[in-house]
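This report refers to the structure that appears directly beneath it.
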Amino acid sequence: MNAPLLWVVVPLASGLLLMLLSSHQRIMKLTALLICLLLGLVALLIPINSMIIFGSQTSLVFTDSLNILGRQLILGRNQQPLLIFLFMLAAFWILASLTVRTHRFQISVLMMQTGLSIGMISVRPLSFSIYFILLLTILPMPILQVQRESDSSGLMRTMLSQILGVTFIGVAFWLMNAVSLNIADTMLTQRTILMMLIGFIFLLGIFPFHSWLVMLMMRYPSFSVGFTVSLQQFSVFYLLLKILNEYTWIRTYNELYRGMVAIGLVMLLFGGLMALFSTFPKRLFAALVLAENGIVLVAIGMKSERELTAAMTLLVLRLLVTLVWAYIDQTESDAQQAHAEALLQGEDPPPSLIDLSAVRLLVYYILAGMPLSLAFPEKIALLSSLSTISPRNSFLLGTGMLLLLVSGVHLYRRLLAGNASIPTKKKFSPGILIAVLLLLALGVFATFVKSGIALLLAPFNAILS
Amino acid sequence: MQLPVTSLIGLGLISLGALIVFTQIDADDHRFNLVGYLLKYIGVILLVFRIFSIQKTVIILLVGIMTTVVLGTEEFRSGLPLQLPKLTVNHIMRVLISMILFVLTFTIEPMIARWIPIPDSILFAVLFLILLGLAEFSLTGSLLIRFLALISILLGYMLVMVFLEDATLTFAILIGTMMTIALIGANFISESQPAVVEIEVNEDLSE
């Protein structure tokens, strides 16, 4: 028995097997939920590289590695908090899917994506991580194609960006090994860093190669695309941290950090401006995601423990906020669809859903950084730290954050406009209330959350030191 | 530099294949594009069969044939005879663009060869495949051409990585990814086509 088999192979295999249950959606979702909870519980209770004793005679050694064709999947004890988090996240998505309409294969794909994300974390050598990210992103494409709201260009652009990102980072990984042998070759070092940065620009959707991310988030149902986008972005940032942790020469290459801060600021300002002119909630959220990528890049580029914690906090918060946002979107869309279907069949329409603009506004500001939210202290601390290093950059960072806050006015206008339809009986989704309260609770119990974030950062001890 | 005849023919076939796909990107009948795509693979085989093991060479050829079949089944279903397209100004312009890209690849190849140590002929083929793939992808909305372009870009990347790392697993992963993309492409193409209702003629009615 070993850890990668349990946390990589089992989710992948169960995802495939659950496809057989696709005609029994409820059973499939409950089984997937049970598997995720079980895997999360094992990650919580059984330390890797320990002996499990059954009764008095039988024992099982729970090893940390699995060899596949000369490559290894390795999971350490310090990665167990991340495993718990990822399986809990998957469990929350599955739980939410119980109350909304989903594609019949969506939960199976979600399970496989979770397995692939853990594969990305565990694979050695590091260069293989990018293939896991590529597979993770292209796996749900057929599902999204069926649910498209217009043409397929969003998916096509996504695939092209991922392939180009993999191409550049793949070659950069080979060059990195060459640089490790001869650090004095500055030309080679610069080219390697450049190749890597271009690769990350494609994978993270950094301006001017951001259109795939916006199109993906706007043209496809949020609940179908939310998990893929948030997990892909999290995985890419995790890969970036792994690269910084693994290669000493990159970690000590100051120009890279300056580059990350500069790219991050451009991204934040671009995302902020895009948000300012976005009147549709989906576009506004896509702009927020782009801008948040910028903030996280700035935080990583500041090269200190405090800012790295802020980056991880924002990444984790974004994963949770995307779930709630997608859930709100899908609940609204389902209610509208049920209403239209009932009218079409000449039946009495079901009670319509209450206007969720206020909830959207709240969720938007939880990530954008309103007081009492988890993001607020992190962003203020980031601003304060940057102001001591570079007042000009700090001003740009502050401007970008302000743009994001001001952009919420579009959601506020929707709230004030209200629902123009004829007043009918309204209902409220308790799931949304619980989800939003949980998000707010993260800000209230920030100290507790921070201790969890510190555990997620434990594998990056080289950067932290 | 003296290139073996097979490598020269390989380079010629890759260029010809890419040219056929590129000039025919807006054609109604995509069978020429599929032939061009297959020519690229045959060119790659001729280029690498002296260097790669026989197994890898055969696998590349098989992947080329399989992706063509998977993506192009709908195109061959019609059974209409293949007709040579009429030469238009668009075709001439595209030939000119591909020639510019050909020269551009020739110009940048020596610079890149200084830090990516793979044979010049292979590097040229890789760069040409990637550049033409990008051009094909960006100049058309046709799903078939776009998927062929994506797979061509991945083929270029695979050739580089197999040379650099010499790892069977990398080769296997990339081959698997190319096949996955071909399957996704077939799914996209069939999804985007309007459903055809086949009406069966009831012969009993005539009696």
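No value in this document is a laboratory result; all are computed from the given coordinates. It should be emphasised that the depicted structure is a prediction, and the values quoted were computed from it without experimental measurement. Heads up, the Cβs are rebuilt from the backbone with ideal geometry, glycines too, and the neighbour counts pull from every protein chain shown.
Across chain A, the mean sequence separation of Cα contacts (distance under 8 Å, 6 or more residues apart), normalised by length, yields a relative contact order of 14 percent. If R0 is 22 Å, the Cβ-Cβ spacing of B:Glu74 and A:Met19 corresponds to a FRET efficiency of close to 0.30.
Need one number: the % of Cα-Cα pairs in the protein assembly as shown sitting beyond the 33 Å mark. Working shown, then result.
Values: 116595 of 225456 pairs.
Beyond 33 Å sits 52 percent of the P(r) for the protein assembly as shown.
Could you tell me the calculated FRET efficiency between A:Glu255 and A:Arg413, based on Cβ-Cβ distance and R0 = 41 angstrom, to the nearest 0.05? Could the numbers behind the result be given before it?
On the way: r = 43 Å, r/R0 = 1.06.
According to the calculation, E is roughly 0.40.
Calculated [222 nm] ellipticity per residue, helices only, for chain B: -26000 deg cm²/dmol; basis is -39500 (n - 2.57) per DSSP H run with n ≥ 4, divided by all residues, nearest 500. Sorted ascending by nearby beta carbons within 10 Å, beginning with the fewest, A:Tyr327, A:Tyr131 become A:Tyr131, A:Tyr327. If the chain linking A:Ala441 and A:Asn67 were pulled fully straight, counting 0.36 nm for each residue of separation and taking away their Cα-Cα distance, it would gain 130.5 nm.
Charged side chains reduced to their Cβ positions (Lys and Arg at +1, Asp and Glu at -1) give chain A a dipole of some 200 debye around its Cα centre. When the Cα positions of A:Phe128, B:Leu62, B:Asn33 are compared along the charge dipole of the protein assembly as shown, A:Phe128 comes out farthest toward the positive end, with charges on each C-beta of Lys, Arg, Asp and Glu.
Based on the alpha-carbon gyration tensor of the stretch B:1-88 and its eigenvalue square roots a ≥ b ≥ c, which shape applies: rounded if a/c is under 1.5, prolate if not and a/b is larger than b/c, or oblate? Since a/c reaches 1.5 but b/c is at least a/b, the shape of the stretch B:1-88 is classed as oblate.
Between the beta carbons of B:Met179 and B:Ser53, assuming R0 = 22 Å, the FRET efficiency works out to 0.65 to the nearest 0.05.
Note: the stretch A:1-124, Cα convex hull, 113 Å³ per residue. Cross-link reach is defined here as a Cα-Cα straight distance under 18 Å, omitting same-chain residues fewer than 8 places apart; for A:Lys450 the aspartates and glutamates meeting it are A:Glu305, A:Glu307, A:Glu378. For the stretch A:150-189, backbone nitrogen atoms closer than 16 Å to the point 7 Å from A:Arg101 Cα along Cα-to-C-beta are found at A:150. Calculated mean residue ellipticity at 222 nm for chain A: -24000 deg cm²/dmol, from DSSP H runs with n ≥ 4 weighted as -39500 (n - 2.57), summed, divided by the residue count and rounded to 500. Placing dummy labels 7 Å off each Cα toward the beta-carbon, the span from B:Leu169 to A:Phe277 is 4.7 nm.
Once you treat every alpha carbon in the stretch A:246-345 as an equal point and sum by Debye, what is log10 I(q)/I(0) at q = 0.18, 0.19, 0.22 Å⁻¹? These q points yield log10 I(q)/I(0) values of -0.90, -0.95, -1.10.
Any of A:Lys29/A:Lys282; A:Lys303/B:Lys56; A:Lys29/A:Lys303; A:Lys282/B:Lys40; B:Lys40/B:Lys86 with alpha carbons more than 32 Å apart? Name them for me. Flagged as over cut-off: A:Lys303/B:Lys56; A:Lys29/A:Lys303; A:Lys282/B:Lys40.
Comparing B:Leu87, B:Leu96, B:Leu123 in a Gaussian network model of chain B where C-alpha atoms under 10 Å apart are linked, the largest mean-square fluctuation is found at B:Leu87.
Judged by the gyration tensor of its Cα atoms, with axes a ≥ b ≥ c, the stretch B:86-156 is oblate; a/c meets the 1.5 cut and b/c is at least as large as a/b.
Give me the extension gain from A:Arg392 to A:Glu341: residue separation times 0.36 nm, minus the current Cα-Cα distance, reported in nm with one decimal.
In short, 12.8 nm is gained.
So what is log10(I(q)/I(0)) for chain B at q = 0.12, 0.13, 0.14, 0.18 1/Å, when the Debye sum runs over its Cα atoms only? Reported log10 I(q)/I(0), two decimals: -0.63, -0.73, -0.83, -1.31. For A:Ile68, the residues whose amide H sits under 5 Å from its own are A:Leu73, ignoring neighbours fewer than 5 places away on the same chain, with H placed 1.01 Å from N. Electrostatic bookkeeping for A:Leu308 treats Lys and Arg as +1 and Asp and Glu as -1; over the other residues with beta carbon under 14 Å from its beta carbon, the sum is +2. Helices that extend 20 Å or more along their long axis by alpha-carbon positions and average at least 1.6 on the Kyte-Doolittle scale are, among the DSSP H runs of chain A, A:25-45, A:80-97, A:186-204, A:430-444. For a test of the definition: using alpha carbon positions, the gyration tensor, and the 1.5 limit on a/c, classify the stretch A:112-217 as rounded, prolate or oblate. Taking the square roots of the gyration eigenvalues as a ≥ b ≥ c, the stretch A:112-217 is oblate. Taking other C-beta atoms within 10 Å as the exposure proxy, A:Tyr238, B:Tyr157 rank A:Tyr238, B:Tyr157 from fewest upward.
When the protein assembly as shown is described by a simple charge dipole with +1 on each Lys and Arg Cβ and -1 on each Asp and Glu Cβ, the residue from A:Met195, A:Trp212, A:Leu164 located farthest towards its positive end is A:Met195.
Stretched out straight at 0.36 nm per residue, the stretch from B:Ile65 to B:Arg31 would grow longer than its current Cα-Cα span by 10.9 nm.
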